[in-house]
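The values are calculated or read from the model by the stated rules, or taken from the named source; none is laboratory data. This is a predicted model, so every value here is computed, not measured. We place every Cβ from the backbone using ideal geometry, glycine too, and count neighbours over all the protein chains shown.
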Amino acid sequence: MPARDHFHSVMRIGPVQIATHRDRHGRTQHAAVCTADRCGWSSDFSSRSAAQLAARTHRCKVR
Ligand SMILES: [Zn+2]
């Protein structure tokens, strides 16, 4: 997982963590990161609801 600045509002849905942060342009971004070993899935979203939806529908390869 890459280092990110100003993580806050971390929440968890299943194996996926969602963290809100600001990018270099000062925009709020929502990063969803799967914490399962060997999965490695992660994605950035511009809205929290999109990140939550992706987390809920994420199908872990590991399972
Ligand atoms: Zn996964």
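Each residue in region 23-49 was checked for being among the small types (Gly, Ala, Ser), outside any loop (DSSP other than H, G, I, E, B) and within 16 Å of the ligand (Cβ to nearest atom), and 4 pass. In region 25-38, which residue that is in contact (Cβ under 8 Å) with a residue 24 or more places away in the chain and within 18 Å of Val10 (Cβ to Cβ) is surrounded by the fewest Cβ atoms within 10 Å (Cβ to Cβ)? Among those that are in contact (Cβ under 8 Å) with a residue 24 or more places away in the chain and within 18 Å of Val10 (Cβ to Cβ), it is Ala36.
Of all residues being assigned to a loop (DSSP other than H, G, I, E, B) and closer than 11 Å to Gly14 by Cβ in region 50-63, which is nearest to the ligand (Cβ to nearest atom)? Just the residue, please. Per the criteria, the residue is Cys60.
Comparison of Arg12, Arg22 shows that the only residue that is at pLDDT 90 or above and either over 13 Å from the mean Cα position of the chain (by Cα) or surrounded by fewer than 17 Cβ atoms within 10 Å (Cβ to Cβ) (or both) is Arg12.
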